[in-house]
Every structure is written in structure tokens, then in C-alpha cells.
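Here's the structure, in C-alpha cells; my notes come after.
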Amino acid sequence: MLWMKQSQLLIPTMKETPSDAESVSHQLLLRAGYIRQNAAGIYSYLPLGFIVLQKIEEIIREEMNATGAQELLMPAIQPAELWHETGRWNVYGPELMRLKDRHGRDFALGATHEELITSLVRDELNSYKKLPMTLYQIQTKYRDERRPRFGLLRGREFIMKDAYSFHDKSESLDERYQMMYDAYSRVFERCGLNFRAVIADSGAMGGKDTHEFHALASIGEDTIAYSDESDYAANTEMAEVLPPDADFTADAEVQAAFFRANDDTIAVYYLKGDEVNDVKVKNVLGVEILEALTDEEIQELQFDPLNPSDHIKVMADQWVEVISNGSLFVGEGQKRYNDINFGQDLHIKHFHDLRFIKEGDPSPDGRGWIKFARGIEIGQVFKLGTRYSEAMNAVFLDEQGKSKPLIMGCYGIGVSRTLSAVAEQYHDEKGLTWPNALAPYKIHIIPVNVKNDEQLTLAEQLHLQLGDKWDVLLDDRKERAGVKFADADLIGCPVRITVGKRAGEGYIEVKIRKTGDMLECHIDELNSVIE
Ligand code: ATP
Ligand code: MG
Ligand code: MG
Ligand code: MG
């Protein structure tokens, strides 16, 4: 077990709240000396932060290994050729960090590893006999985020666990997907998180089925819709749902609806008789709605709602999803056409074909009512299918000796983001309040006065003794007791042991950080008190 003397550690606590840190987790991780920023979205994990990070990684490893997944480590630097094979060199955009070597050859810093792992296995996994197989790594990822913020929550360099599975049959992928989903649930439970698994939008990854795992927190950038009475939960990016305060009134007489996106505004026009009516859906995720457009505004949009080539028309049996980035998805039954351009010629007959749900509506599975909450995306599981194996010619021979593309799944956990998400959920006005499983040290021992021999001796003795069983930090600094208590609250170890005036008789004070409960006890009773 870890046991350490605080006087010898790098735990640079700060009294003041750093002014540029917007989220509580960011503020506290800086103040309590867990992390330091080196550039926008780029951080060092100081010793305390690194211990917590390793504890999260260990939980992930245990749960991944228990599913039979194998750990490997791939490079962060990836040759551009691989990204050309899938077309993502061009599609991924400025988020992909690119560099050239001395010979002028292009490389990417890994934002994700589908290309790299597919190139690895296409030479190795060429018989059905080797399938299914799941490989994972815990590694540094690079994404030049447009808006790095909230400390580790949205970094430009961050740590991810990414896993990839390979299959001969889609049933095999289905099974593995469920296994990973269950393993993710266990990981986040063990981290002590209040989280929800939600159906999500597969976006740029391609593929169909996908779930995200969200830690509930007011700072979360996503809005999720869920019901307490059932398992239904969705990211409102799916826009089967409209956010809390939206009021979107369906009208049975409506003949047609047209859509137009303009930056963060989506205008919805509909025909009632011969009249053109409209509503303006603003900033789709933070909706202000039902604001009539003036003729000038329609002019400004340079959009003629009656001109069929200038709007989307959606058929009566089709539905529309409005996505947060301002794009629209159109679908039919279970099918969903991605990336519909606004110029495309589809048309809707009835307004109520829009699948919008409001807070308090019945949930889609009919059990319970819709609620909304903010979430931090801490993980995501995808069924990729053959999108990457086909593009990169990763094939295997099936039982009949026929060559087929590998069927793939991929599964990510934001390891460093999880650390911050836990801090978002575990804190109070005095500092962090780690759950046992992740606390850098379970016990923080504080001799009130280190110049007092009795106190220091007993504190050191406890440090050694308890260190057999738990991770223990001893605050042996020559600081005032008040400073040491304030730092202990800030750092947030679950149990604080204060060695003070009654040290000579073997009496100490135990404080439970999370509840604030305190009691005085004899050192012989300690084991049962701490358990
Ligand atoms: P987001 O929607 O927050 O941008 P993402 O959907 O782009 O995340 P994925 O490609 O699904 O992210 O990556 C897997 C996991 O990596 C995410 O679920 C998240 O926990 C984590 N992650 C993604 N981007 C970042 C980042 N910039 N900083 C820290 N963690 C991140
Ligand atoms: Mg992203
Ligand atoms: Mg996402
Ligand atoms: Mg994601």
C-alpha cells in the first residue's frame, strides 16, 4: 500500500480559486494540487492526480480483462496513408492534429485508432478461427478541440481507453456489444458515478447502434432525456426529443413543413392552406421557439419556402431529427439517412411527423414520463459494422473459405474525463470528497503539532501500521493545524485521523470527509471504525 509523508510530496495547494477555471472540478483539481495546465487543453497530472488516474485505469483494466479483451499499446503518431484509406484525412477536419516528419511525410496524432488497428489486424486476423477478438489500449489521444475547456473534461491531449472488437458474424458483434455495455456499467459503478447509458447519435464514426454513458452533472454539455420508470434514455442530440422549455405545437391541418438552417437557428416553415407560416427554432439545444419570422427575415435567409429546390421536403411516412450542430437527419421507419443536405428534395405532409418529445411527455416505450438532465459523456460504445474493414480491405476467410470483411465494434472511455466527472459529483464547499475506490489516499493522518513528540511518534506509528492495509498520507509538515485541516478537506481523502492532545493515552479523532461525522476513539478500535 502507498504510504507517504506530505512534507516530501508535490501537492501545491492554493487558497484562491483560479479565475480562468469555469467548472468546479477544474477549480478544485487545480486548487488541491492534482493537476496543472501547460497550454490550453493540455495538462500535467501531478502525483495526486496521477494516483487517481491510475486507480481509474486499474478498474478499467480489470473489467476489460474480465471480458477476455487483450491489452496492447499502439502509437500516438499515425501515418497519413491510413487516414487516406478511409477518407478521414479529409473528413475529420481541423480537430485532427497533423504533422510532417523531416522528409515531409504527413502524420496525424491519434485522435482515435480505428485506422491504425484495422491496418494491424488485416494482416493477422484472416481466419474465422481467430474470431471474435477484442483488443484495447489506454493511451493518450489528441484532438484540437475548437473549445478546450473545463480542465480535463475537454482537453486537447487526454487519456482514453479504446477497445476494438472483430467478428465473423453480426450476432457475435451483438453479444460483444452487450458485454462491453455491461462492463462499462460496472466500471462507472465502481468509480462511484451517478450515470446513465443513453441511445446516441453515431455521427462521424459511421455505424448504427451506439450508446453513450453520461455522468449526470449540471456542467455537462449534453442534454439527455430519460424516464425514471423505464430504461429509456437518449441524448437529445438524437432530437427525437426537444429540450425542456420547448413548445412545439402540432397542427393537424398543416399541409407541409420546410426546414432551413442558418447558423444556430433552424427555421421551420409550414403551409396551412395557401398561407406560409413559420416558427423559428433557435439554437436547437437551448430552444427558444415559436417566434414568428417577418417577411424581411425570410428574405434575409434568402430562402423561398415555396420554391421546392430551396428546402427539405419530408414525406408523410418519414421523420426528421434536428441535430445540435444545425444539421437535419431524415429517416423512414427504422432507417435513417445521414447527412441530408439542405437542398435535397424530400417533403413532409404533417407536422406531427416530427418526432419531438417534451419534458413530461410519455416516454417512447410507454412506461413513465420524460425528464431532462445535463450529462458529461464519459464513454461510448459503437457497432461499426464493416465501414473500416471494407475501406481498408481487412478480410478473413469464413468456414466455407469465402473472403469477407471483418465486422467491427469500437468502445471508448474518457479516462481523464472520468476523473473530472467524479470530481464534479464528489465535492462540497471545502473541497473534494473522493469515493473510496478512487481516493489517492484512503487515510490522511494529521498530527496537530509536529513539535510534540508524543503526537509525532503516534502519528508515525499509525502511518506505518495502517499502511499495511490502506493507502495512507501523513501530514508531517510544520504548518499550523488550521492550514493542515483546510488542505486535508481540499484534497479530500475519505478518512482523516487527527492526532492531538490525547495522543499520550492513545486517543485520536476520526473524521469522515464525506459526511463530516467525527468521533474520538482509541487506536485499538481504529480498524473497526475505518472499515
Ligand atoms: P464529445 O462529444 O464530448 O466531443 P466524442 O463523442 O467526440 O466526445 P468519442 O470519440 O466518443 O468522443 O471518444 C470516446 C470518449 O473519449 C468520449 O466518450 C469521452 O469520454 C472522451 N473524450 C472525447 N473527447 C475528449 C476530450 N476532448 N477531452 C477528454 N475526453 C474526451
Ligand atoms: Mg468530440
Ligand atoms: Mg459525443
Ligand atoms: Mg462519443
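The values are calculated or read from the model by the stated rules, or taken from the named source; none is laboratory data. Bear in mind the structure is a predicted one, so any value in this text is a computation, not a measurement. Ideal geometry is used to build each Cβ from the backbone, glycine not excepted, and the neighbour counts take in all protein chains shown.
Computed values, structure above
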quantity: Some residue of the range 397-410 being under 25 Å from the mean Cα position of the chain (by Cα), assigned to a strand (DSSP E or B) and within 16 Å of ligand 3 (Cβ to nearest atom); calculated: yes
quantity: Test set (1) surrounded by 17 or more Cβ atoms within 10 Å (Cβ to Cβ); (2) at pLDDT below 95 - ARG156 fails condition number; calculated: (2)
quantity: The lone exception for LYS161 - which of (1) closer than 19 Å to ILE407 by Cβ; (2) basic (Lys, Arg); (3) at pLDDT 95 or above it fails; calculated: (1)
quantity: So LEU82, is it closer than 26 Å to PHE50 by Cβ and part of a helix (DSSP H, G or I); calculated: no
quantity: Counted residues, the range 418-452 - those being within 25 Å of the chain's Cα centre (by Cα) and aliphatic (A, V, I, L, M); calculated: 8
quantity: Residues satisfying the stated conditions in the range 474-507, i.e. within 13 Å of LYS451 (Cβ to Cβ) and basic (Lys, Arg); calculated: ARG477, LYS478, ARG480
quantity: Qualifying residue in the range 207-222 (condition: in a strand (DSSP E or B) and surrounded by fewer than 21 Cβ atoms within 10 Å (Cβ to Cβ)); calculated: yes
quantity: Qualifying residue in the range 176-194 (condition: among the basic types (Lys, Arg), within 15 Å of ligand 1 (Cβ to nearest atom) and at pLDDT 60 or above); calculated: no
quantity: The range 138-149 - residue that is touching a strand residue (DSSP E or B) at 6+ places or on another chain (Cβ under 6 Å) and not β-branched (Val, Ile, Thr) and, of those, nearest to ligand 1 (Cβ to nearest atom); calculated: GLU145
quantity: Criterion violated by GLU212 - all others in (1) at pLDDT 90 or above; (2) away from ligand 3 (no atom under 16 Å from the Cβ); (3) farther than 26 Å from PHE50 by Cβ satisfied; calculated: (2)
quantity: Members of the range 334-389 that are within 16 Å of ligand 3 (Cβ to nearest atom), in a loop (DSSP other than H, G, I, E, B) and either hydrophobic (A, V, I, L, M, F, W, C) or modelled with pLDDT of 60 or more (or both); calculated: none
quantity: Strands (runs of 3 or more DSSP E) fully within the range 87-184 counting 3 or more residues that are more than 16 Å from ligand 3 (Cβ to nearest atom) and either without any contact (Cβ under 8 Å) to a residue 24 or more places away in the chain or over 21 Å from ALA394 (Cα atoms) (or both); calculated: 98-100, 106-109, 133-142
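Residue-wise test of (1) over 24 Å from GLY41 (Cβ atoms); (2) within 16 Å of ligand 2 (Cβ to nearest atom).
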{"site": "ILE159", "(1), (2)": "no, yes"}
{"site": "ALA183", "(1), (2)": "yes, no"}
{"site": "PHE188", "(1), (2)": "no, no"}
{"site": "ALA200", "(1), (2)": "no, yes"}
